[in-house]
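Every read-out reported here was derived from the displayed coordinates using simple, explicitly stated rules and does not represent laboratory data. In this text the structure is predicted, and so the values were computed from the model without any measurement. Glycine gets a Cβ as well: all are built from the backbone with ideal geometry, and neighbour counts include every protein chain shown.
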């Protein structure tokens, strides 16, 4: 007996000082230091990549918020705009943007002559080409909305064409203008004189956030208005659909459902659904909501339904995790004083799980907000340049786009002016995501309680 | 058979709870084997025994808390004043209002002290108005010897109290629903000696109003607070007798070994 114990204890070696690192300790410390270095390296690389990404986006995108415009007086000639002088809306609408274009060009040339600015051999048509093609359309809308303007002289601020804007931002240079059929070096020299005279200025462009998308020929007028409204509509619909369904499903599965093979299958499938590529949900939405149920394509309702299907598994998983994180002692306590299962859940478990549920929901929404692929399949990539109606007027059925889809469609257009707008749209999208994450953090802080 | 029924009704006159042939299975594990216990009214009954002997399991049968464990299967008869608590007609929610429970770890709700105590009366509709509810809260907190310590901070969270205070708050919460039986599952195991003494004193007070069943690891505690003691070992009820007799002249050798510290 005593022998066995004696042999179990290792023989004492020579005494070693703890002041000197022995070989094994040295080895362990070295591997620990190495591991720390790996971790630090990984974090540094990811921060670097993140920084480069953000830097590129901001460098390319911040200019989208600023736009060059031309300011000059325009006399809204009654003879040109309203031949018969009766202000009849139908006749006013008969004057096309071409008519307004001529008016604008004449007004600009007249103003240049009055200011004594040398046209430098630029033809009248090319002077007119400095004005955005959207300028006449905007002026026409303005006049149709307020026919009293006819006959007056107004100080008009209208967008400059994207090439001039690009010249001010350094995207277009004399060299590229030589190769560009849309702009000539002479026009750019004229633009320099316009800038000096204060006729052409660059200012913050609210239209980037409010205007609808514009065609390939007028990137300067393209805005995110429809995309922002579309994304907001979809977020709203996704929220009111996923939160009740997701939370109810999670509570049932976590607290009430019997544990058997059937609930096991449901559980496995929810996890699997969370891993299904989002584009598959787009195909499902196309088949189910548009082809089968006949809902209008490109509408925010269909988009929201698809995103709901896509987000639900994520929200259910997050909600179940936070329900499971509520200590069982709280359930015991409630049951112990005679609360029913449902009272236990709704009075005690759910309030404690709320921060987790809200965080999960908002992060799910953020994923949905940035989702592009399924929306492409249900037609939200279409060119939409009219705003959807307000929600109560059936706006959820109107065609719209979404922020990430707008990024995609702008990025795929040929005019380099759309590149900056695409990056600008990414900045707006990132701002939305940052706001949503901030809300998630605030809600978590507010609801967080210790137990 | 007929005789047995008569016998049972006779027993219920002074027995609050009568358990006969109670068996509990957790899946394939036979956790409790054929337990017969009578819990007397207005008395403290202690369940002692080594860990895993089934004493907590049996306690949780008495208010059907084992229903929440999916794999648990309870057979046998447990009568509360002659009524079978495992009868299909019995709603466990109603039963638990009559048979309150205090748990091993203090588990106040993360709500105010007032709301902790008022929760039970509220869900059972015991108070018609605020004044009545206030009164129930005050009596319960006084009953749990906590009133003087917390009367000025009823709106503060119950989780902010010390461990001993939290446990007394849980006792107040259990008392507030006016139960007939109070089950306590090792109520002092997470408390320091001073808090333990306070809770033990409290248990002695509570005896005047209901029957108390306490599971404890401490034999000294069983000896101090209880009148009846049941000794469980490996799922069997080994011995059930007056506390004095259990500790002075145990009938079963296993009981003797346990109380003298040789097993468990």
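Tabulated data for the structure shown
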{"read-out": "10 Å Cβ neighbours from other chains, averaged over peptide B:109-122", "value": "3"}
{"read-out": "Chain B: antiparallel DSSP beta bridges as a percent of all, rounded to 5", "value": "60"}
{"read-out": "Chain A - percent relative contact order, Cα under 8 Å, separation 6 or more", "value": "18"}
{"read-out": "Ordering of B:124-134, B:22-32 by packing [mean C-beta count within 10 Å, highest first]", "value": "B:22-32, B:124-134"}
{"read-out": "For A:328-334, mean number of other protein chain Cβ atoms within 10 Å", "value": "6"}
{"read-out": "Residue-span extension gain [residue A:329 to residue A:189] - 0.36 nm each, minus C-alpha spacing", "value": "42.5 nm"}
{"read-out": "Calculated P(r) tail over 16 Å for region A:297-365, as whole % of Cα pairs", "value": "56"}
{"read-out": "Chain A: radius of gyration over Cα atoms, expressed as a fraction of 2.2 N^0.38 Å", "value": "1.43"}
{"read-out": "Kirkwood-based Rg to Rh ratio, region A:225-447, C-alpha trace", "value": "1.04"}
{"read-out": "Between 0 and 90°, nearest 10: helix A:97-115 axis offset from chain A longest Cα axis", "value": "70"}
{"read-out": "Binned Cα-Cα distance frequencies in region B:165-255 - 5 Å width, integer %", "value": "3, 12, 24, 23, 17, 12, 6, 2, 0"}
{"read-out": "q = 0.13, 0.23, 0.24 Å⁻¹: log10 I(q)/I(0) that the Debye formula gives for region B:36-93, counting C-alpha atoms only", "value": "-0.37, -1.12, -1.19"}
{"read-out": "Burial ranking of peptide ranges A:391-402, A:247-258 (average Cβ count within 10 Å, highest at the top)", "value": "A:391-402, A:247-258"}
{"read-out": "Residue-averaged 222 nm ellipticity for the protein assembly as shown, from DSSP H runs of 4+ at -39500 (n - 2.57), nearest 500", "value": "-16000 deg cm²/dmol"}
{"read-out": "Interatomic Cα distance distribution for region A:350-430, bins of 5 angstrom, percent", "value": "3, 14, 17, 19, 18, 13, 9, 5, 2, 1, 0"}
{"read-out": "Region A:11-69 - Debye-derived log10 I(q)/I(0), Cα point model, q = 0.12, 0.21 Å⁻¹", "value": "-0.58, -0.88"}
{"read-out": "Rounded to 10°, Cα long-axis angle of helix B:113-123 versus longest principal axis of chain B", "value": "70"}
{"read-out": "Length-normalised contact order of region A:225-447 in % [C-alpha pairs under 8 Å, at least 6 apart]", "value": "30"}
{"read-out": "Per-q log10 I(q)/I(0), chain B, q = 0.16 Å⁻¹ (Debye; single scatterer per alpha-carbon; no solvent)", "value": "-1.24"}
{"read-out": "Coordinate range along principal axes, alpha carbons of region B:1-155, Å, largest first", "value": "56, 34, 28"}
{"read-out": "Taking all pairs of distinct alpha-carbon atoms in region A:69-203, Kirkwood radius in angstrom", "value": "15.5"}
{"read-out": "C-alpha long axis of helix A:225-251 to longest principal axis of chain A, angle in °", "value": "20"}
{"read-out": "Over region A:76-154: Rg over Rh, Cα atoms, Kirkwood Rh", "value": "1.01"}
{"read-out": "Region A:226-325: Cα Rg divided by the 2.2 N^0.38 Å rule of thumb", "value": "1.18"}
{"read-out": "Most fluctuating residue given options B:246, B:78, B:123, as computed from a GNM of chain B linking Cα atoms under 10 Å", "value": "B:123"}
{"read-out": "Pair residue A:266, residue A:45: separation of 7 Å Cα→Cβ label points (nm)", "value": "4.3"}
{"read-out": "Where N is the number of residues in region A:123-267, Cα Rg divided by 2.2 N^0.38 Å", "value": "1.80"}
{"read-out": "Separation of alpha-carbon centers, region A:380-438 and region A:123-187, rounded to whole Å", "value": "25"}
{"read-out": "Partner chain coverage, peptide B:93-106 - average Cβ within 10 angstrom", "value": "3"}
{"read-out": "Fraction of antiparallel bridges per DSSP, region B:154-264 only, in percent to nearest 5", "value": "55"}
